[in-house]
Structure formats: structure tokens, C-alpha cells
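Structure record follows, encoded as C-alpha cells.
The values are calculated or read from the model by the stated rules, or taken from the named source; none is laboratory data. Since the structure is predicted, the reported quantities are computational estimates derived from the model, not experimental observations. Cβ sites come from the backbone with ideal geometry, for glycine too, and all protein chains shown count toward neighbours. Ligands, DNA and RNA are excluded from the accessible area calculation, which covers all protein heavy atoms including side chains. Shrake-Rupley method; radii C 1.70, N 1.55, O 1.52, S 1.80 Å.
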Amino acid sequence: MQFVYDTAVLIAAERGDRRIWVLHERSLARDAAPVVPAGVLTEAWRPGGYALGRFLAGCEIEALTEVRARRAGVLLGRVGRDVSAVDATVAEAALRLGAAVLTSDYSDFSALSAAAGRPISIVSV
């Protein structure tokens, strides 16, 4: 299973959360490069992010294109509650790629899945 990481995953990796690192290493061992939307990286990156830099080495950093931004915006318009635009880009990527979201925020991604009218696999950490 391929993962799309949300911001909490990157923050946990930088803090040395062993569980996150194990899940990440398993993904890499399966040749399923995790996807990190660029906005997630923006939210998580801070000066001196050495551990995070190592963590990201195996990830695919995905640019926010106009098409992806519009799709994420449609989700935001449908969700009916306060959800971040970055989370909407994570959901958009997961839907497009058929990937699972690795997150600590099950409720927001559940709401985005409902707004999309399609299931998103959500793995809570």
C-alpha cells in the first residue's frame, strides 16, 4: 500500500517517532515511495530539519499544480466544516493515486472522504 503523508507524520519523523520510521521503512522496502504534497512539507519544515531530510529522501514530493489545486478546492467546498487546504491536497493525492493517508487526524480525512463521495483509506498513527 502506498501512503500519502500528512504534516503530523513529518513532524513525528523529525521528533524521532519510532513507529513512524518503521512504517516508512516498510513502505520503502516494498518499493512504494510515500507521497508528500509540497504544502505538507511547507507546514513541517523548519531550520535544522536533519532527521526530516533523511526521512524525505525516500519520498516523492509532489508539486501543487493548478489541476490538483482545483480538485482540492472542490473538496474544501464540499466538506462542510473547517479543514485545512493542505489536508485537502493530501486527500486529493490519495484519491488520485489510490493510496492511503497516514495521519493523526482521522476525522478531517473521514470528512474529506465523505465530501469526495469516494472512500479514502485512512491509517491513524
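May I ask you to list the residues in region 59-74 that are of a type outside the set (A, V, I, L, M, F, W, C) and surrounded by fewer than 13 Cβ atoms within 10 Å (Cβ to Cβ)? If you could, list the steps in order and put the result at the bottom.
Going residue by residue through region 59-74, those that are of a type outside the set (A, V, I, L, M, F, W, C) are 60, 62, 65-66, 68, 70-71, 73.
Within region 59-74, Thr65, Glu66, Arg70 qualify.
This table checks each residue for (1) of a type in the set (Val, Ile, Thr); (2) under 10 Å from the mean Cα position of the chain (by Cα); (3) open to solvent by less than 20 Å² (accessible area, probe 1.4 Å); (4) within 14 Å of Ser124 (Cα to Cα).
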site	(1), (2), (3), (4)
Gly16	no, no, no, no
Ala32	no, no, yes, no
Ala44	no, no, yes, no
Leu76	no, no, no, no
Arg81	no, no, no, no
Ala88	no, yes, yes, no
Ala93	no, yes, yes, no
Leu112	no, no, yes, no
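Given (1) in contact with a Ser or Thr (Cβ under 8 Å, 6 or more places away or on another chain); (2) at pLDDT 95 or above, identify the lone condition not met by Arg70.
(1)
It is to be established whether one or more residues within region 14-32 are in contact (Cβ under 8 Å) with a residue 24 or more places away in the chain and touching a Ser or Thr at 6+ places or on another chain (Cβ under 9 Å).
No, that holds for no residue.
Which of (1) surrounded by fewer than 19 Cβ atoms within 10 Å (Cβ to Cβ); (2) part of a helix (DSSP H, G or I) does Ala12 not meet, given it meets every other one?
(1)
Among the numbered criteria (1) modelled with pLDDT of 95 or more; (2) open to solvent by 90 Å² or more (accessible area, probe 1.4 Å); (3) under 30 Å from Gly117 (Cα atoms), which one does His24 miss?
The one condition His24 does not meet is (2).
Condition check: more than 21 Å from Ala116 (Cβ to Cβ) and surrounded by 14 or more Cβ atoms within 10 Å (Cβ to Cβ). Does Leu97 satisfy that?
Working: more than 21 Å from Ala116 (Cβ to Cβ): no; surrounded by 14 or more Cβ atoms within 10 Å (Cβ to Cβ): yes.
When the stated conditions are applied, Leu97 does not pass them.
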